[in-house]
Amino acid sequence: YPVNPKYKFINEKRCYSSIAEIGSDIDIAVIALPAHVVAESLKSAGKKVKGAIIVSSGFKEMGDEGIKLEQDIKEIAEKNRIRVMGPNCLGIYDTISNVDTFFIPRDRIGRPDKGGISIISQSGSFAGTIMDELAYEGIGVARVISYGNRVDVGETDCLEFLTDDDATKVVALYIESIDDGRRFIDAASRCTRKKPVIAVKVGRRDAGVHAARSHTGAMTGRYEIYSAAFKKAGIIEVNGYEELKDACRVLNVYSLAKAKRVLIITDGGGIGVRIADACDNSGLEVTGLSEEIKKSLSSKLPPFCSVGNPIDLTGSVTDEYYITALEEGLKDGFDIAIVTVLWGPPQLSEELVDKLKGAIQRHNTPIIICSPGGKFTKKINSIFEGKGMPVFSTPESAVRAATILAS
């Protein structure tokens, strides 16, 4: 129901002059009006509206006058038992109920297909950006929630809902501040017992704190307190946007690993060493192969291959060497495998993509593909991604993904 007293029709839909003119009750009212008239609009809705999403800005983030406007909204909402999301938010993109209150056109911000990831974000721009990237990469979501200034509904309300939401397999959080720390920890602890929860906390230092305050009016506390709270609740904390996106990519495909033992397979010795170093720095365990597996690999691979961990197949590698190394190596009970493919060796073919996918389907062990390189490599990597296999273009990002799975 479009509501605007200036128009009779909008996009061939009848336009109402006020909410009171609508004959039925309203589940959600999306309010996009100047800040100074939002409270009056909500008041006129009365008990006809169950919930409201206020996308307008110009509230707490603007100072004392905006704080007063938010307080007016809060009082009206409480009196009429209206749950309010916002102000200063994008609202909800929901692939389960097909609700989309994000006002940015779809040709500017893509909408992901249905999937198992749900995102809770205080920032609308963050929610829109990560949603756009996930859509581009073919990674589905269940629900994306941008809650803004948190006059009523906040991060903990959303987390409590998603805990019992069967459509949500993974929860990703973008947080500037938390309203009620004890309640948040209790809700997050219950959620992490059911599904992975990953979080990025911004506003860690003075510059970020100031930016958060002017953005959503958030009053941020010491970062160390947030980090300790995340740890206590079992939340996987990541550092920044790229790591959160990588976490979404890998948890979209794999469950959390049982422990931290990592098998590394490569066709280049140097990059294998880089991955081993990065694993060690991240608290992952690059343990040696058992004598039994070493003997088996030595009998099945050429003598120029280095049978250790990393397993170095060298520049004379073939597709079959990779699969042999992976199948035999995983018999040693590793929790995660990082398979690095440098596409320079001419014996490698695109068939390796399907062969590795087959190996992933045969094993419960997460298998992370790391494939750095230029034009040819990026073409192959797009094939990996098209078949639902997350591929990472640097050793560091591959190890980050492994670390997330081992959390």
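All of the numbers you see were taken from the coordinates with simple rules; none came from a lab. Fair warning: this is a prediction, and the values are worked out from it, not measured in the lab. Neighbour counts are summed over all protein chains in view; Cβ atoms, including those assigned to glycine, are modelled from backbone coordinates with ideal geometry.
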The ³J(HN,Hα) series, computed from each phi in segment 342-348 with the Karplus coefficients 6.51, -1.76 and 1.60 at θ = phi - 60°, rounded to the nearest Hz and given as x for glycine or proline, is 9, 8, x, x, x, 6, 6
Ordered by fewest other Cβ atoms within 10 Å, a rough proxy for footprinting exposure, Ser397, Ser18 read Ser18, Ser397
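Given a cut-off of 21 Å, name the pairs among Lys74/Lys232; Lys300/Lys355; Lys258/Lys294; Lys114/Lys355; Lys194/Lys232 whose C-alpha atoms lie farther apart than that in the structure shown.
The pairs that break the limit, which is 21 Å between Cα atoms, are Lys74/Lys232; Lys258/Lys294; Lys114/Lys355.
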Listed by chain and number, the residues whose amide H is under 5 Å from that of Val3, excluding neighbours fewer than 5 places away on the same chain and using placed H, are Tyr16
The summed charge of the Ala402 Cβ neighbourhood (under 10 Å; Lys/Arg +1, Asp/Glu -1) stands at +1
Under the helix-only model (-39500 (n - 2.57) for each DSSP H run of 4 or more, divided by the residues of the chain), the mean residue ellipticity at 222 nm, to 500 deg cm²/dmol, is -12500 deg cm²/dmol
Looking only at lysines whose Cα falls under 18 Å of Lys357's and that sit 8 or more positions away or on another chain, we get Lys331, Lys378, Lys379, Lys387
Two pseudo-spin positions, 7 Å from Cα along C-beta at Arg108 and at Ile10, lie apart in nanometres by 1.6 nm
Here the percent of antiparallel bridges among DSSP beta bridges lying wholly in the chain, to the nearest 5, is 20 percent
One can check that the equivalent ellipsoid of segment 83-148, built from the alpha-carbon gyration tensor with semi-axes equal to the square roots of five times its eigenvalues, has lengths in Å, largest first, of 17, 13, 10
The whole-number value in µm²/s of the Stokes-Einstein translational diffusion coefficient for segment 91-251, with Rh from the Kirkwood sum over alpha carbon pairs at 20 °C and 1.002 mPa s, is 137 µm²/s
Listed by chain and number, the aspartates and glutamates with an alpha carbon less than 14 angstrom from that of Lys50, same-chain partners under 8 positions apart left out, are Asp25, Asp27, Glu78, Asp152
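How many percent of DSSP beta bridges within segment 9-85 run antiparallel, rounded to 5?
Bridges in segment 9-85 are about 20 percent antiparallel.
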The Kirkwood hydrodynamic radius of segment 298-396, taken as the inverse of the mean 1/r over all distinct Cα pairs, in Å, comes to 13.8 Å
